[in-house]
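Scroll down for the structure; my scribbles are underneath it.
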Amino acid sequence: MNKTLKTTLAVLPFLLAVACTDPAKAPAEAAIQAADQAISGLSAEVQKLAPDQVKTVKDGFAKAKLAAAKDDWKGALAAAKDLPEACRGATAAAAAKKAELEKAAAEAAAKAAELKAAWEQAAKELPGKIEELKKQVAALAKAKRLPKGMTKAAVAQGKDAVAAIETAFTKASETAKTDVQAAGTAAKDLMAKAAETAASLGKK
């Protein structure tokens with residue numbers, strides 16, 4: 001056996017192995033590696049805020065690894081090639097969710113501040129308004145002659161309205177000890193009712 005033949009026989013297995021190698025293997029392995037790096041780069045925040053997208057990515061990666069284990073390189077490539085982009089999509093979705101939550105928190109804080117201010121204003125002003133309305137009702141009740149357009153029925157309704165406002169204010173004061181926002185909501189209504197009652201009694 002000459003030297004050339006020996007060399008040919010020696011390299012033949014290698015050549016056969018190369019010839020039999022799936023051309024999709026190298027790109028598939030590269031895609032899997034890129035996907036692995038992208039998934040590893042997903043922060044805990046992204047995983048928390050975009051759980052569905054992250055699960056989809058991880059499921060795709062598992063599918064790619066399974067295909068690779070079976071030497072299904074075309075399947076592995078198909079499963080892995082878009083995963084880095086999907087990771088970027090998950091990151092973007094998480095950022096959008098974070099912005100949405102921050103906006104909602106800011107709006108809630110602004111609303112809470114508004115209601116707190118409403119309660120503080122009512123707590124300061126309503127007692128005086130209620131006393132003024134009581135005096136107005138008492139004066140009308142004692143009047144021998146009611147102002148033009150005023151009736152005894154209107155005076156009675158005004159008296160009931162003032163009593164209801166006073167009772168509701170007392171309840172709101174108790175509520176404010178544990179829930180100032182709820183008290184603020186009630187306060188806004190009470191301030192409006194006090195104004196309406198004053199108008200109905202001819203209080204300018």
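Averaged across orientations, what area in nm² does the convex hull of the alpha carbons in region 20-122 project? Don't jump to the answer; show the numbers that get you there.
Details: hull surface 28.0 nm².
It is 7.0 nm².
What aspartates and glutamates sit close enough to Lys116 to cross-link, taking a C-alpha to C-alpha distance under 20 Å and skipping anything fewer than 8 places away on the same chain?
Glu107, Glu125, Glu166, Glu174, Asp179, Asp189
With a 1.4 Å probe and all protein chains left in place, how much of the accessible area of the chain comes from carbon and sulfur atoms, in whole percent?
Numbers: 7980 of 13520 Å².
The C+S portion of the solvent-accessible surface of the chain is 59 percent.
Which peptide among 34-47, 55-68, 146-159 comes first, and what is the full order, when sorted by highest mean count of other Cβ atoms within 10 Å?
55-68, 34-47, 146-159
Along the charge dipole of the chain, Cβ charges K/R +1 and D/E -1, which of Gln53, Ala113, Ala123 sits furthest on the positive end?
It is Ala123.
For region 136-175, what class follows from the C-alpha gyration tensor (a ≥ b ≥ c being the square roots of its eigenvalues): rounded when a/c is under 1.5, otherwise prolate if a/b is larger than b/c, else oblate?
Cα axes put region 136-175 in the prolate bin.
Please give the per residue volume of the convex hull enclosing the alpha carbon atoms of the chain, rounded to a whole number of Å³.
Spelled out: Cα convex hull of the chain, divided by residues, is 166 Å³.
What do the square roots of 5 times the Cα gyration tensor eigenvalues come to for region 17-73, in whole Å, largest first, as semi-axes of the equivalent ellipsoid?
Largest first, region 17-73 gives 29, 11, 6 Å.
What's the FRET efficiency of Ala192 with Ala95 using the Cβ-Cβ distance as r and R₀ = 35 Å, to the nearest 0.05?
For Ala192 and Ala95, the calculated efficiency is 0.25.
Using the alpha-carbon atoms, what tilt in degrees (0 to 90, nearest 10) does helix 25-40 show relative to the longest principal axis of the chain?
Tilt of helix 25-40: around 30 degrees.
Can you give the relative contact order of the chain as a percent, counting alpha carbon pairs under 8 Å and 6+ residues apart?
That works out to 19 percent.
What ranking, highest mean first, results for peptides 179-186, 91-98, 107-114 when packing means the other Cβ atoms within 10 Å averaged over each residue?
Sorting 179-186, 91-98, 107-114 by mean packing, highest first, produces 179-186, 91-98, 107-114.
Give me the one-decimal nm value for the distance between modelled label points at Ala153 and Ala30, 7 Å along each residue's Cα-to-Cβ direction.
For Ala153 paired with Ala30, the spin-label model returns 9.1 nm.
Report the label-to-label distance for Lys171 and Ala199 in nanometres (one decimal), using points 7 Å from each Cα along the Cα→Cβ vector.
Inter-label distance under the simple model: 2.4 nm.
Pull out the extension gain between Lys134 and Asp59, defined as 0.36 nm times the separation in residues minus the alpha carbon to alpha carbon distance; nm, one decimal.
19.8 nm
The values are calculated or read from the model by the stated rules, or taken from the named source; none is laboratory data. Since this is a predicted model, take the numbers as computed values, not measurements. Because the Cβ atoms are built from the backbone with ideal geometry, glycine has one as well, and the counts that use them run over all protein chains shown. To get the accessible areas, we keep the full protein, side chains included, count just its heavy atoms, and leave off ligands, DNA and RNA. Shrake-Rupley method; radii C 1.70, N 1.55, O 1.52, S 1.80 Å.
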